[in-house]
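Values in this text are rule-based calculations from the coordinates and carry no lab data. Remember, it's a predicted structure, so these values are computed and weren't measured experimentally. Every residue, glycine as well, gets a Cβ built from its backbone with ideal geometry; the counts of neighbours run over all protein chains shown.
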Amino acid sequence: MAKVLMKGNEAIGAAAIQAGCRYFFGYPITPQSELPEYMARELPKVGGVFLQAESEIAAINMVYGAAGAGARVMTSSSSPGISLKQEGISYLAGAELPCLIVNIMRGGPGLGSIQPSQTDYFQATRGGGNGDYRLVVYAPANIQEMVDLIIEGFDVADQYRNPVMILGDGMIGQMMEPVEFKTPKKRELPEKDWATTGTGGKRKPNIINSLYIAPEDLEAHNIRLQAKYQKIREKEVKVESYKIEDADVVISAYGTTSRIAKTAIAKLEKEGYKVGLIRPITLWPYPYDEFKKINPNCKGILTVEMNAGQMVDDVKIAVEGKFPVHFYGRMGGMVPTPEAIIEKVKKICGGEI
Amino acid sequence: MTIVFERTRGLTDVETHYCPGCTHGIIHRLVGEAMVELGVLEKAIGVAPVGCSVFAYNYFNCDMHEAAHGRAPAVATGIKRVHPDKFVFTYQGDGDLASIGMAEIVHAAHRGERISTIFVNNAIYGMTGGQMAPTTLVGQKATTAPGGRSEEHCGRPIRISEMLATIHGAKFVERVAVNTPANIRKAKKAIIECFKVQLEGKGFGIVEVLSTCPTNWGMTAPEAMKWLEDNMIPYYPLGNLKRPEEAE
Ligand SMILES: Cc1ncc(C[n+]2csc(CCOP(=O)(O)OP(=O)(O)O)c2C)c(N)n1
Ligand code: SF4
Ligand SMILES: [Mg+2]
């Protein structure tokens, strides 16, 4: 298929439709409103349903209903709206329902701003809702990758019966890039024989549920969930890395921030510096093992984020104290510059920090 | 020998967890019977959010969703939009529907969502141990209104049926009670009529059922029936508030 120029938020919608998603429930919020607007236009053309819910709480519960009923379904929002969806996300995880949730992050806390940010890393990777659950979290760095991850993400959700989150920021939602819609590698997807479709008088009732009142039953349910998460950790990690085996400094960054880091690395290389990059594509499961490949004489890791330092916790877990871990970030919708990153790297190389 | 009464196929053959004298059981039976009589049990998908009826997924003999507190109408919306040809109902308490889930029920009604709601109003939070609900009567004692509900402090109880009847998308609204055999028969008729409104694609329907909670009201079962009659019915008058032909 030929490449087409698309805005990030609209490309998400096109990819979802391509992946067979036919139901979208959402509530307007900047900077992602082009996505529900696109779905309102395009879904009816393919026999799907777009519904603007009365709130993000209702939207995520509509997703819970539609996913339980066996449909490919998605919702999207931005940070404050994703906060409202947390209860529903916990229920989806508890009832093991597949769906796709898009968070086009903006600055926080509270109402914050509408500018791009990465402040929901903790919320996405550590829960956000109640209970021991995990989402598969993808952090695409460009629109092509975002489209690929959405198409694959629906399959991943179905394969593991688990919600999948696409974590982008206002920049990726608003930028325009050429994209191509490709078919992902084929996965064996289980039959949705658990879905509520009406018994038809042919089978026992199906029940969508996250309640296990007896503690031994709830523990058994959790043990099963943890085993599933372990399988996801083993099979679904995605990471891009660049020249980490002989780097003096390794930058770790995800999403659009990683593009700024790459610009900085290119400039540093021209000046003779050896700088590597680890770019997690899955924020959960996190690519901890990749950090084991780093040059043992590396002087330090620099984590760059558009927040006060959230992924930096995972980097510290990953390096197990072997390297000093530094952080550079901007907050509130401010974007790090390549120059600021270059300055930090030089300081690490010079032993100044 | 002729069989004059038997357990409905609409319910599973298990013992329920409801307290003795609780009218949730009667209401379950009426819903089960209505689904069987209308021939929709095999295409029914029910939603029961938290409240004493959260285990309803074990009792209704059809596909079921448990749901978060108050969110059943949104969950039912998701199901119905995926399966417009199936029969979708919610079964909700008064704390659930009239407090935390007020937005979801109003908007499901407002959209004219083709779903049916059974609204069990027992004027109390049963499951959590007798706290005040938005439907608790003035003067009625609750664990969070130890001196009785005061209008000055938290207003008068909400009349949900009257409110929903003002919404265009709500095409069937009726309040019933299950305190006497005659009222139980009327309740069943209302439930059947409400379900038909969905099956005929006419819009949203709700039956508010005045129900007892002897446990948290601190009464015996007969006392609770009498209390319902003497106190709830005068404030929550029984009867039909809206039918499709009047809705136009
Ligand atoms: C978000 C959330 N808040 C609070 C609760 C606790 N809770 C469970 S049931 C309930 C009240 C149920 O009362 P009602 O809907 O009237 O049903 P009843 O038990 O009286 O039939 C509450 C507050 C919960 N489960 N979830
Ligand atoms: S607590 Fe009240 S509503 Fe709940 S089962 Fe007992 S009597 Fe019924
Ligand atoms: Mg109640």
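Once Rh is set to the Kirkwood radius over Cα pairs, what Stokes-Einstein translational diffusion coefficient, in µm²/s, holds for chain A at a temperature of 10 °C and a viscosity of 1.306 mPa s? Taking Rh from Cα pairs, D becomes 76 µm²/s.
Of all DSSP bridge pairs formed entirely within chain B, close to 20 percent run antiparallel.
At q = 0.05, 0.08, 0.11, 0.12 Å⁻¹, what log₁₀ I(q)/I(0) does a Debye calculation on the Cα points of the protein assembly as shown give, no solvent, two decimals? Listed by q, the Debye log ratios stand at -0.26, -0.62, -1.00, -1.12. Counts of other chain beta carbons within 10 angstrom of each beta carbon in peptide A:191-203 average 4. Subtracting the Cα-Cα distance of B:MET1 and B:GLU229 from their residue separation scaled by 0.36 nm leaves 78.4 nm.
Once the chain from A:ARG41 to A:LYS267 is taken as fully extended at 0.36 nm per residue, the excess over their C-alpha distance is 77.0 nm. For the stretch A:167-269, the fraction of C-alpha pairs farther apart than 18 angstrom is 76 percent.
Extents of the stretch A:62-103, largest first, come to 28, 18, 12 Å (Cα atoms, principal axes, whole angstrom). Of all DSSP bridge pairs formed entirely within chain A, close to 25 percent run antiparallel. Under a Gaussian network description of chain A, with springs only between Cα atoms under 10 Å, the residue in A:ASN103, A:ASN162, A:ASN206 that fluctuates furthest is A:ASN206. Taken over the stretch A:241-349, the ratio of Cα radius of gyration to 2.2 N^0.38 Å equals 0.95.
Is the shape of the stretch B:5-138 rounded, prolate or oblate, going by the alpha carbon gyration tensor and its root eigenvalues a ≥ b ≥ c, with a/c under 1.5 for rounded and a/b larger than b/c for prolate? Cα axes put the stretch B:5-138 in the oblate bin. Looking at the protein assembly as shown, the DSSP beta bridges with both ends there are about 20 percent antiparallel.
If you keep only loop residues by DSSP, which GluC sites (Glu not before Pro) in the stretch B:8-45 have at most 14 other Cβ atoms within 10 Å of their Cβ? Counting only loop positions with at most 14 other Cβ atoms within 10 Å, the GluC sites (Glu not before Pro) in the stretch B:8-45 are B:GLU15. Amide H to amide H, with H built 1.01 Å from N, B:LYS242 comes under 5 Å of B:VAL173, counting only residues 5 or more places away or on other chains.
Counting Cβ atoms of other protein chains within 10 Å of each residue's Cβ and taking the mean over peptide A:63-75 gives 6.
Computed as a quarter of the hull surface, the mean projected area of the alpha carbon convex hull for the stretch B:65-187 stands at 8.6 nm². A simple charge model with +1 on the Cβ of Lys and Arg, -1 on the Cβ of Asp and Glu and nothing else charged puts the dipole of the stretch A:241-349 at about 240 debye relative to its Cα centre. In terms of its C-alpha gyration tensor, the stretch A:1-56 has an oblate overall shape, because the principal axis ratio a/c (a ≥ b ≥ c, square roots of the eigenvalues) is not below 1.5 and a/b does not outweigh b/c.
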